[in-house]
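Enquirer: Please read through the structure below; I'll follow up with questions.
The values are calculated or read from the model by the stated rules, or taken from the named source; none is laboratory data. All of these numbers come straight from a predicted model, not from anything done at the bench. All Cβ positions, glycine included, derive from the backbone under ideal geometry; neighbour counts span all protein chains shown.
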Amino acid sequence: MNGSADTQILDFACGLFLLAAVGALWRRELSAVIGLLAVQGAALAVIAAALGADEHHPELYAVAAGVGLLRAGVLPGLARRALAASGEDRESQPLVNVASSLLAAAALVLLAYAVAQPLARLDASPGARALPVGLASVLIGLFMLVARRKALSQVAGFLLLDNGITAVAFLAAAGVPLLVEIGVSFDLLLVVLVLRVLTVRMQSAFGATDLDDLRELHD
Amino acid sequence: MNTALLLAPVVVPAAAGVLYLFLGWRRTTRHLGTVSAAGILAFGIALAVRAVHDGTAVAASGWLRGDPLAGFLLIVIGAVAFVACAASPAYLAGERAAEHGDAASERRFAVLVQAFLAAMCLAVVGANLGLVWVAIEATTTVTAFLVGHRRSRAAVEAAWKYVVICSVGIALALLGIVVLYAAARHAGLSETSALSFQELAGHAHALDQQATRMAVALIVLGFGAKAGLAPLHSWLPDAHSQAPAPVSALMSGVLLSVSFSVILRTKQIADVALGTGFVKTLMLIAALATLAVAALLLIGQRDYKRMLAYSSMEHMGLMTLGAAAGTPLALSAVLLHIAGHGLGKAAAFCAAGRILQETGTSRIDAVRGLAARSPVPAGTFATAVLVLLGFPPFALFASELGIARAGFAAGLGWPIAAGFTLVLLAFAAIAAHTGRMLLGADPLQSAPAGSAGAALRAQTPLIAALVAVAFIGVAGWPLAHLLNAAAPLAGR
């Protein structure tokens, strides 16, 4: 493969990555949101592989395979099983409606481009130029965490946030050291497993997974 | 030799956890956790002695590092864990008597507590920011089910908020770490050294300023979430009030300080890369905001476990204030504060757990007349509160005095004055609430539970902790030497 083809694949994957993040905010069916998370995970794996080809870093292929397996396969699968168990598929009353959410997403993407300037200036590689995409996903994930009221929506927001951080790591520095990457992935898997168990408990204690019901504890 | 010394504090609790997994919680194994905590304490002392006399121990090709600060924190973890684990058999027996637990939940409790200890020890001896992040995030997942131990609605709610807020906070720290890594790689550090505290501090002047500023702000915010600092603190009162008492003791007494120590180590890098002003400003804002939240919510507090949780926030705010001053005196005082607060808060939470079991309520106005009804837990609770309020002869008196003096000397007169005004407000609130609990006529009119002798035996670990806080407050020995060696590692 020559350099320009790699760059095109990289740009395409980054575009897909960002679209998936915005799409997750747009759709209210949780199953569609989970599908978009899987797409985003796959795009992340392609980003890692394209960077590996671009920088002649064969180790990155293995990382890409691991990332793809975890973020396009295992985590969305876990979320889908939790969804099937809960039996409620729609984010019925988000705090912010869809139109405003999309406007917010546009503003967040612009913000991400502004914030990423110091990092993008560090070096002029094609990866660093695409870096705002990762930050945009982080910000959209944070927005989803505060604006949605279903437990699973929060899990999805958290995954968007984490995918964004991993994308920043790949685009800015071709990924953190392998040992750290493995540790981070393991922790992420544990968090999602813990949240899944807690959703089940929440359902048996409250009868639903609406976070508005969580108001036993306050001052 | 170094590898063994550095890995032992992680391996000992991990092995104890595996043993609990297979053997379960029974008469013969219930003190295994205490033994494991004593092991952490012993290896912490060995490491501290070695680090002070023969210099820092490095192992596992630079991933693990035992400097005096790591040794000191291991000693605090070991000591607080010793108190919490020694108090666990009585706590679990009390839960069993109230039909809140069965053999499976006791086994899970024991396994998770040991895993929690192993993760905290790894975070302390880790020399690599990435590894430390992994260990601290692991403490969140491990303690999630400890917070939700009782499975009541309140416990599930607390566990959910705890996991979501802490994971998001710590994810922001990961973003900061990633940005710092990119800046370090750009400055020419190799893949393995670009996240090592030591290498980063050595090459800090070569880091890109703007990227480092963003990274440091995210790291302070993220680890600050786990350390109970504003603005991501709202999980703390829920989690600390819902967790079983020994777990609250560990979370409040050491987990907050362990996360805080990561901020201290990051500050060291940032002070070289960005000048001392940047982190100092961040820390002052976080400290005063935390103190303000804690003091205001303590005034109208109606739940004594939440009162202790907000008191933890108050003390974390105070430590941050001292760290912002950043002089050696201030940092020695902060480290002494970590030790004194850890032991005092462990005793306070364990005593509060006993009071909760005896009275069945955690509402302050429902437990009047405690001193007359069950004098032993009331006595330990009152003494622990005196420790936390900073009365002499206990260690927090000396450390708060040190923080105030060092702060004024460092030219932070106004922030220190504002901070200590808020501390005074918290002092008045805690003293008034505790007074209401201990004195007055008993509204329940219930018979005291068990004999005074049995109550005294159950409370022995807490009394030992309080004696220890008084001892280090009066004598300073044997910590003074170690604090002097560790303080420079926590600042410039």
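Enquirer: Taking the range A:109-162, which residues are among the β-branched types (V, I, T) and touching an Asp or Glu at 6+ places or on another chain (Cβ under 9 Å)?
Expert: The answer is A:V138, and nothing else.
Enquirer: Which members of the range B:13-54 meet the condition of being over 16 Å from B:L73 (Cα atoms) and of a type in the set (F, W, Y)?
Expert: Residues satisfying the conditions are B:Y20, B:F22, B:W25.
Enquirer: I'm trying to understand the selection: among the residues of the range B:198-208, which are within 14 Å of chain A (Cβ to nearest Cβ) and either touching a Ser or Thr at 6+ places or on another chain (Cβ under 8 Å) or hydrophobic (A, V, I, L, M, F, W, C) (or both)?
Expert: Result: B:E199, B:L200, B:A206, B:L207.
Enquirer: Here is a further query. Hey, any hits in the range B:106-129 for a residue that's more than 8 Å from chain A (Cβ to nearest Cβ), touching a residue at least 12 places away in the same chain (Cβ under 8 Å), over 23 Å from the mean Cα position of the chain (by Cα) and over 24 Å from B:V216 (Cβ atoms)?
Expert: yes
Enquirer: Tell me, please, whether a residue that is farther than 30 Å from B:A215 by Cα and in contact with a Leu (Cβ under 9 Å, 6 or more places away or on another chain) can be found in the range A:100-111.
Expert: no
Enquirer: Give me a count of the residues in the range A:204-213 that are within 25 Å of the chain's Cα centre (by Cα) and facing chain B (nearest Cβ under 10 Å).
Expert: Final tally of qualifying residues: 2.
Enquirer: Follow-up question, since we're still on this one. Quick one: is B:Y91 among the aromatic types (F, W, Y), touching a Lys or Arg at 6+ places or on another chain (Cβ under 8 Å), more than 7 Å from every other protein chain (Cβ to nearest Cβ) and buried (at least 21 other Cβ atoms within 10 Å of the Cβ)?
Expert: yes
Enquirer: Could you pull out the residue among A:R196, A:R149, A:R129 that is more than 9 Å from chain B (Cβ to nearest Cβ), surrounded by fewer than 24 Cβ atoms within 10 Å (Cβ to Cβ) and more than 30 Å from A:E88 (Cβ to Cβ)?
Expert: The conditions single out A:R129.
Enquirer: Turning to a different aspect of this structure: For B:C350, which of the numbered conditions (1) assigned to a helix (DSSP H, G or I); (2) surrounded by fewer than 20 Cβ atoms within 10 Å (Cβ to Cβ) fails to hold?
Expert: B:C350 satisfies all of (1) assigned to a helix (DSSP H, G or I); (2) surrounded by fewer than 20 Cβ atoms within 10 Å (Cβ to Cβ) except (2).
Enquirer: Among the residues of the range A:164-176 satisfying the criterion of being more than 7 Å from chain B (Cβ to nearest Cβ) and surrounded by 24 or more Cβ atoms within 10 Å (Cβ to Cβ), which is nearest to A:L131 (Cα to Cα)?
Expert: A:L171
Enquirer: Also, I was wondering about something else. Working only within the range A:19-56, note down all residues that are in contact (Cβ under 8 Å) with a residue 60 or more places away in the chain, assigned to a helix (DSSP H, G or I) and within 23 Å of A:R80 (Cβ to Cβ).
Expert: A:A21, A:V22, A:A24, A:L25, A:W26, A:L30, A:V33, A:I34, A:L37, A:Q40, A:G41, A:L44 - these are the residues of the range A:19-56 that are in contact (Cβ under 8 Å) with a residue 60 or more places away in the chain, assigned to a helix (DSSP H, G or I) and within 23 Å of A:R80 (Cβ to Cβ).
Enquirer: For the range B:138-197, name all the residues that are facing chain A (nearest Cβ under 8 Å), among the charged types (D, E, K, R) and out of contact with any Phe, Trp or Tyr (no Cβ under 6 Å at 6 or more places or on another chain).
Expert: B:R151, B:R153, B:E157, B:R185, B:E191
Enquirer: At least 3 residues that are away from chain A (no Cβ under 14 Å), out of contact with any helix residue (DSSP H, G or I) (no Cβ under 6 Å at 6 or more places or on another chain) and modelled with pLDDT of 95 or more in each: list the helices (runs of 4 or more DSSP H) lying fully within the range B:211-322 that qualify.
Expert: B:277-299
Enquirer: Which of the residues that make up the range B:269-279 are surrounded by fewer than 20 Cβ atoms within 10 Å (Cβ to Cβ) and not β-branched (V, I, T)?
Expert: Scanning the range B:269-279 gives B:L274, B:G275, B:G277, B:F278.
Enquirer: A further question follows. Between a first residue in the range B:37-48 that is closer than 13 Å to B:A4 by Cα and a second residue that is among the aliphatic types (A, V, I, L, M) and not in a helix (DSSP H, G or I), which pairs have beta carbons less than 7 Å apart while being 6 or more apart in sequence or on different chains?
Expert: Final answer for the pair search is B:L47/B:A57.
Enquirer: Scan the range B:462-476 and give yes if some residue there is surrounded by 14 or more Cβ atoms within 10 Å (Cβ to Cβ), assigned to a helix (DSSP H, G or I) and at pLDDT below 85, otherwise no.
Expert: No, there is no match, as no residue in the range B:462-476 is surrounded by 14 or more Cβ atoms within 10 Å (Cβ to Cβ), assigned to a helix (DSSP H, G or I) and at pLDDT below 85.
Enquirer: Which one of the conditions (1) among the aliphatic types (A, V, I, L, M); (2) within 12 Å of chain B (Cβ to nearest Cβ); (3) under 30 Å from A:D212 (Cα atoms) does A:V109 fail to meet, given that it meets all the rest?
Expert: Going through the list (1) among the aliphatic types (A, V, I, L, M); (2) within 12 Å of chain B (Cβ to nearest Cβ); (3) under 30 Å from A:D212 (Cα atoms), A:V109 breaks only (2).
Enquirer: Does B:G62 meet the test of being within 14 Å of chain A (Cβ to nearest Cβ) and surrounded by fewer than 19 Cβ atoms within 10 Å (Cβ to Cβ)?
Expert: Spelling it out, B:G62 is indeed within 14 Å of chain A (Cβ to nearest Cβ) and surrounded by fewer than 19 Cβ atoms within 10 Å (Cβ to Cβ).
Enquirer: Continuing with the same structure: If only one of A:L161, A:L179, A:L139 is facing chain B (nearest Cβ under 8 Å) and closer than 18 Å to B:M214 by Cβ, which one is it?
Expert: Sole residue among the options that is facing chain B (nearest Cβ under 8 Å) and closer than 18 Å to B:M214 by Cβ: A:L161.
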